[in-house]
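Quick notes on the structure that follows.
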There are 2 protein chains.
Amino acid sequence: MKNIEKYIEIYKNDLLNNIIPFWTKNSVDKEFGGFMSCLDKDGTVIDTDKGLWQIGRFSWVYGTLYNNVEQRKDWLDLAKNGVEFLDKYGFDKDGRMFFVVDRKGNPIRKRRYVFSESFAAIAYAAYYKATSDESYAEKARKCFDIYFRYSTTAGLIPPKLTENRKTRGMGGPMIGIVTAQELRKNLNDDSYTKYIDNWLEEIQTYFINEEYKAVMETVGENGELIDHFDGRTLNPGHAIEGSWFVMQEAIYRNNDPKLIKLGTKMLDWMWEIGWDKEYGGMLYFRDVKGLPVQEYWHDMKFWWPHNETIIATLMAYELTGDKKYEEWHEKVHEWTFKHFPDREHGEWYGYLHRDGRISVPLKGNIWKGLFHIPRMYLMAWQICERINKK
Amino acid sequence: MKNIEKYIEIYKNDLLNNIIPFWTKNSVDKEFGGFMSCLDKDGTVIDTDKGLWQIGRFSWVYGTLYNNVEQRKDWLDLAKNGVEFLDKYGFDKDGRMFFVVDRKGNPIRKRRYVFSESFAAIAYAAYYKATSDESYAEKARKCFDIYFRYSTTAGLIPPKLTENRKTRGMGGPMIGIVTAQELRKNLNDDSYTKYIDNWLEEIQTYFINEEYKAVMETVGENGELIDHFDGRTLNPGHAIEGSWFVMQEAIYRNNDPKLIKLGTKMLDWMWEIGWDKEYGGMLYFRDVKGLPVQEYWHDMKFWWPHNETIIATLMAYELTGDKKYEEWHEKVHEWTFKHFPDREHGEWYGYLHRDGRISVPLKGNIWKGLFHIPRMYLMAWQICERINKK
């Protein structure tokens, strides 16, 4: 692969000397614990509310750095700063988690779905790996169990729509797979593989649409196309994120050819649909039939689809050696690094117009924190190292 | 006022020969009743689901044309096509209304809030005025009562946030005022004035922020600024819509000077905040402290804030004679008519980028139907006629 040493240097250096220091400096709440993710472009906190997704994700990132890069005490302390906040303020009496709490940890919002739980599960598992404290393995398992139960038991999460339109969402199995992968690895427990098998089966059966060559986001109960706005709306960055969860499973299973085929198919289809041939970059939403979508931010460029596409193209190249993926990686890397990083204050802008101009200048909010960007840097660095050694 | 005859001609002609024929041709469901509002730019139906907001609004528009422009049988039939669909498919067993039904009227989605009810109330009231059928006056009253009860009784609508952050929204009193104005007029019933008095009081007490010179959208229980993203986010087009509801009440009350002052103050403040000094047009969201907002479509130009600003500036000019409002009207009229109308297929695009380029090319969806645009044309035409006669 061309320029592999250059890529390793960029990914490693930017992770350790730009992204992590930016958040460590600006988001740690030394007074009340946890992290504040709502930051202006220069790092100033502009909203003190704390999203539980982000607390789990921040803690997972610091724990993962400790487990994979260097056993630095400050990283372990920061991982602890996350899990202890979750312990104290994350859970309602019914065992479910909140979605947002205020700076002091008072509950502000709870939602129907269970992604606070999935992110807490991976935070706890990484912290267990780092400390061998069994109580955190137990907490990880508990959160995973809630995630599994709520996302696979019909009716447990009150559906948005009536029974006249029963739907299945791609998010449930996708996040399930990566969460189970994390627990399997950090708890050293192969029993999580059976969950992954089921979720992989669900994706193949219901979300892979051969007719339209598309990974669907929302389908009918039996995988049928729901020919309305919501059913036709594709999210290429999301599906490409799913593609590397599948490829990651292929690697775990000694380069399982069926999973390589499934993962690269998902990437191929959604690159074709999502890559903006006019301006470059990944479009946010597309309609499976090429009709207008309802969501008006459809043609914006968000940071995270670019993170996921960089990981997926590198992983596909690692698994297949196909030059096409080397070219795609170069394309998406170039567009991403030309437009997203803030050369003045560090870190990345998150929300660009289609042509790459900045729309919202903030660095963090309830959705954007320390997660997709550092995960990309770390994984891209690791994949490039592996490719380089071959 | 300069060019008043030109404006009258544009508003009248475009309403009767462009907007109304476009929707009458493309959205009427002759097979199952009601209207389909999800249309591509050429009028093709691209989603057959029916939003109940839109069914009420379409019916109100046709009924209002019948009552105010000409007693055309086709308009009355179309108003009937709306109210009969509401009668048959709009209501759940508990008396509350649905949010979306499918083409045949099967319920698809119900929501917590009560705007389906407010739009049904004005549709029924306009239909009563057109037909003198008492049963429709009764239905209008019933829908209004549900709207009033749910939007003013704490806890009846399950709050999004916990009791750690009690909020008040501007939407409730605003839509309440205009709904009560419609019922008062079309049911010829002054008892609705007392509701308007209370909602005007609520707006003045809680949403008028003298310190920031802004009309707030969401405040704390006692009107205090909630210094988080949601509490700081302003919606200039929405507040300007509210400003003309207040000015309309001033006209009803023999040009009540206090209400003229309140309405024009709301317009003045929110024009200053919302008018885009760089590109022209009304910005969608602004932060009261000038910080970044969380919503990524903040700088787009939507159709309806422009409709509301055209009405508000004309009404302010009618009430005060202040040349400033004549100039503002000209500015917003020019920008609007330069960018929104589709000269090829008729009607308006709804979602533009900041600089006026089209983002989503559709003509209708679950949010955009036959409402803000024809209401603007009719009211602007009527106001200009009144100004011209002075």
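The values are calculated or read from the model by the stated rules, or taken from the named source; none is laboratory data. Here the structure is a predicted model, which means the values were calculated and not measured. Neighbour counts are summed over all protein chains in view; Cβ atoms, including those assigned to glycine, are modelled from backbone coordinates with ideal geometry. With ligands, DNA and RNA removed, areas are computed over all heavy atoms of the protein, side chains included. Shrake-Rupley method; radii C 1.70, N 1.55, O 1.52, S 1.80 Å.
In this structure the amide hydrogen of residue A:349, modeled in the peptide plane, comes within under 5 Å of the amide hydrogens of A:342, none closer than 5 places in sequence on its chain. A Gaussian network model of chain B, with springs between Cα atoms under 10 Å, assigns the largest mean-square fluctuation among B:73, B:213, B:139 to B:73.
For residue A:35, the residues whose modelled amide H falls within less than 5 Å of its own, excluding neighbours fewer than 5 places apart on the same chain, are A:29. Each copy carries a label point for residue B:198 at 7 Å from Cα along the beta-carbon vector; from one copy to the others these points are 5.1 nm apart, nearest first. Peptide B:349-355 has a mean of 3 when you count, residue by residue, the C-beta atoms of other protein chains within 10 Å of its C-beta. Roughly how many whole Å is it from the C-alpha centroid of region B:215-283 to that of region A:20-47? Measuring centre to centre over Cα atoms gives 33 Å. For chain A, modelled as a GNM whose springs connect Cα atoms under 10 angstrom apart, the maximal fluctuation among A:118, A:132, A:151 occurs at A:132. Here, region A:47-130 is characterised by an Rg to Rh ratio of 0.99, where Rg is the alpha-carbon radius of gyration and Rh the Kirkwood radius. Its relative contact order, with pairs defined as Cα atoms under 8 Å and 6+ residues apart, puts region A:73-171 at 21 percent. The accessible surface of region A:1-155, taken with every protein chain in place and a 1.4 Å probe, is 45 percent carbon and sulfur.
For the peptides B:367-374, A:186-193, B:247-254, residues were scored by their other Cβ atoms within 10 Å and the scores averaged per peptide; the highest-first order is B:367-374, B:247-254, A:186-193.
The modelled label-to-label distance for the pair residue B:212/residue A:149, using points 7 Å beyond Cα in the direction of Cβ, is 4.2 nm. Applying 1/(1 + (r/R0)^6) with r as the Cβ-Cβ distance of residue A:160 and residue B:345 and R0 = 30 angstrom yields a FRET efficiency of 0.35. Nearest chain B C-beta to the B/A rotation axis, reported as residue and distance in angstrom, is B:297, 2.
Note: relative contact order over region B:173-297, using C-alpha pairs below 8 Å and six or more positions apart, is 21 percent.
Measuring against 20 Å, Cα to Cα, the residue pairs A:6/A:331; B:41/B:88; A:289/B:110; B:12/B:80; B:110/B:194; A:88/B:160 contain B:41/B:88; A:289/B:110; B:12/B:80; B:110/B:194; A:88/B:160 as the ones spanning a longer distance. Taken residue by residue and averaged, Cβ atoms of other chains lying within 10 Å of the Cβ of B:108-116 number 2.
Give me the percent relative contact order of chain B, please, defined on Cα pairs under 8 angstrom at least 6 residues apart. Before the final figure, lay out each step's value.
Working: 673 pairs, mean separation 69.0, N = 390.
Relative CO of chain B lands at 18 percent.
Take the eigenvalues of the Cα gyration tensor for region B:58-181, scale each by 5, and report the square roots as semi-axes in whole Å, largest first.
Values: eigenvalues 162, 56, 26 Å².
Equivalent ellipsoid semi-axes, largest first: 28, 17, 12 Å.
Taking label positions 7 Å along the Cα-Cβ direction at both residue B:138 and residue B:324, the computed distance is 5.1 nm, reported to one decimal. A full extension of the chain between residue B:42 and residue B:337 corresponds to an added length of 104.3 nm, given 0.36 nm per residue minus the alpha carbon distance.
Taking max minus min of the alpha-carbon positions on each principal axis, the protein assembly as shown gives extents of 85, 54, 48 Å, largest first. Placing a label point 7 Å from Cα along the Cα-to-Cβ axis, residue B:220 is separated from the same position in the other copies by 5.1 nm, shortest listed first.
The phi-based Karplus calculation (6.51 cos²θ - 1.76 cosθ + 1.60; θ = phi - 60°) puts the 3J(HN,Hα) values of region A:150-160 at 6, 8, 10, 9, 4, x, 5, 8, x, x, 5 Hz, whole numbers, x for Gly and Pro.
What separates the Cα centres of region A:163-200 and region A:300-338 is a distance of 24 Å.
Which FRET efficiency value, to the nearest 0.05, is calculated for residue A:167 and residue B:390 with the Förster distance at 45 angstrom and r the Cβ-Cβ distance?
It comes out at approximately 0.20.
Peptide B:165-171 has a mean shielding of 1, counted as Cβ atoms of other protein chains within 10 Å of each residue's Cβ. Position residue A:32: other-copy label points at 4.8 nm, ordered by increasing distance, label point 7 Å along Cα→C-beta.
Rg and Dmax over the alpha-carbon atoms of chain A stand at 19.9, 55 Å. A simple packing score, the average count of other Cβ atoms within 10 Å per residue, orders the peptides A:348-355, A:50-57, A:103-110 as A:50-57, A:348-355, A:103-110, with the highest score first. The contact between chain A and chain B removes approximately 3500 Å² from the accessible area (both sides summed; 1.4 Å probe; ligands, DNA and RNA excluded). For a label point 7 Å from the Cα of residue B:6 along Cα→C-beta, name the residues of region B:315-344 whose backbone N is under 17 Å from it. So the set is B:326-339.
Estimated at 0.36 nm per residue, the fully extended path between residue A:18 and residue A:74 surpasses their Cα-Cα distance by 18.5 nm. Computed over chain A with a Gaussian network model linking Cα atoms closer than 10 Å, the most mobile of A:287, A:133, A:276 is A:133. Distance between the pseudo-spin-label points of residue A:227 and residue A:272 (7 Å out from Cα toward the beta carbon): 2.2 nm.
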